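These notes are about the structure you will find just below.
Derivation of every value follows stated rules applied to the coordinates shown; laboratory data play no part. No experiment lies behind these values; they were computed from the predicted model shown. Reconstructed Cβ throughout: ideal geometry from the backbone, glycine too, with neighbour counts over all protein chains shown.
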Amino acid sequence: MRAVRADPEVQRARMVELIAARGVTDRAVLAAMRDVAREQFVPENLREAAYRDAALPIDEGQTISQPYVVALMTQALELRPQDRVLEIGTGSGYAAAVLGRVAAEVYTVERHSRLAAVARERLTSLDNVMVRHGDGRYGWPSHAPYDAIVVAAAATEVPERLRRQLAVGGRLVIPVGAPHAIHELVRVRRTGPDDFEQESLEQVRFVPLLPGRSGDPGRRP
Ligand code: SAH
């Protein structure tokens, strides 16, 4: 017997109910998660799995983050509608699309040229989301300071350059730990020009934040 698959909107509503049940309460974040069609950000052969609360593989050995983790990290950024956000690790572009519905401006950096190009294409309809191919460990200084910075890949420590691109009062959310281990989701708050407070939020697992950029724009590997 073949199960009849619910349409994406119904599946999304269910996904959001589960995320809310796990403790995400920010209404703007939940509304954004209800809006973004995740199936458009996963590889075609995995569309059926788009609304499972799981990370899924995308190209270049990378992943699209688990919906709960995207919601958790977005909530942890404490975004206000007027905020400017920097994301490191565009990947599929899914989290950037969510961020773009909660904040005013989103700048997102991806080290794989092909992933950056595909995400840019997917996000063309969102004119407040800008994608750049580059090494996100350097941030995107020309648009700094940011009210919030989110890193979607695990670093061994909080990159100093990213902390310095926060506005005073700004929040940086980043998984920290050894590669291929369990990571601590950390929130850093810039409380003054030279003052930072750090707290640990939850345990998560991420692909590593890697040095350099991969694949030059316009050049085939
Ligand atoms: N936010 C993404 C999740 C992407 S997974 C989504 O919603 O789909 C993490 C991404 O970080 C990968 O695409 C990886 O290529 C990228 N990445 C790793 N190191 C990086 C770096 N130094 N600069 C920019 N992106 C990086």
Quiz item: Ranking Asp194, Asp26, Asp135 by Cβ neighbours within 10 Å, fewest first, what do you get?
Solution: Asp194, Asp135, Asp26
Quiz item: With each label point set 7 Å from Cα along the Cα-Cβ vector, what nm distance links Ala28 and Ser125?
Solution: 2.2
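Only four residue types carry charge here, +1 at the Cβ of Lys and Arg and -1 at the Cβ of Asp and Glu. Report the dipole size of region 8-215 about the Cα centre in Debye, rounded to the nearest 20. Working shown, then result.
Details: 26 positive and 27 negative charges, 31 e Å.
Once rounded to the nearest 20, the dipole reads 160 debye.
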Quiz prompt | Where labels lie 7 Å past Cα in the beta-carbon direction, separation of Asp194 and Thr156 in nm | solution = 2.8
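Multiply the residue gap between Ala37 and Asp7 by 0.36 nm, knock off their C-alpha separation, and tell me the result in nm, one decimal place. List each step's numbers first, then the result.
On the way: separation 30, 0.36 × 30 = 10.80 nm, distance 1.12 nm.
So the extension gain works out to 9.7 nm.
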Quiz item: So how do Val188, Val168, Val70 line up by other beta-carbon neighbours within 10 Å, fewest first?
Solution: Val168, Val188, Val70
Exercise. Using the Karplus curve 6.51 cos²θ - 1.76 cosθ + 1.60 with θ = phi - 60°, work out ³J(HN,Hα) for each residue of region 6-20 in order, rounded to whole Hz, and write x for Gly and Pro.
Key: 5, 6, x, 4, 5, 4, 5, 4, 5, 4, 5, 4, 5, 5, 5
Exercise. Before anything else, pin down the relative contact order of the chain: Cα pairs under 8 Å, at least 6 apart, normalised by residue count, whole percent.
Key: 15
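In which sequence would Thr156, Thr74, Thr63 go, from the one with the fewest C-beta neighbours within 10 Å to the one with the most? Walk me through the numbers on the way to the answer.
Values: Thr156 13, Thr74 27, Thr63 18.
Fewest-to-most Cβ neighbours within 10 Å comes out as Thr156, Thr63, Thr74.
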Quiz item: Does region 8-215 classify as rounded, prolate or oblate by the C-alpha gyration tensor (a ≥ b ≥ c root eigenvalues; a/c under 1.5 gives rounded; else a/b over b/c gives prolate, otherwise oblate)?
Solution: rounded
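At a Förster radius of 25 Å, what calculated FRET efficiency corresponds to the Cβ-Cβ distance of Arg164 and Arg80, to the nearest 0.05?
Values: r = 22 Å, r/R0 = 0.87.
FRET efficiency, Arg164 to Arg80: 0.70.
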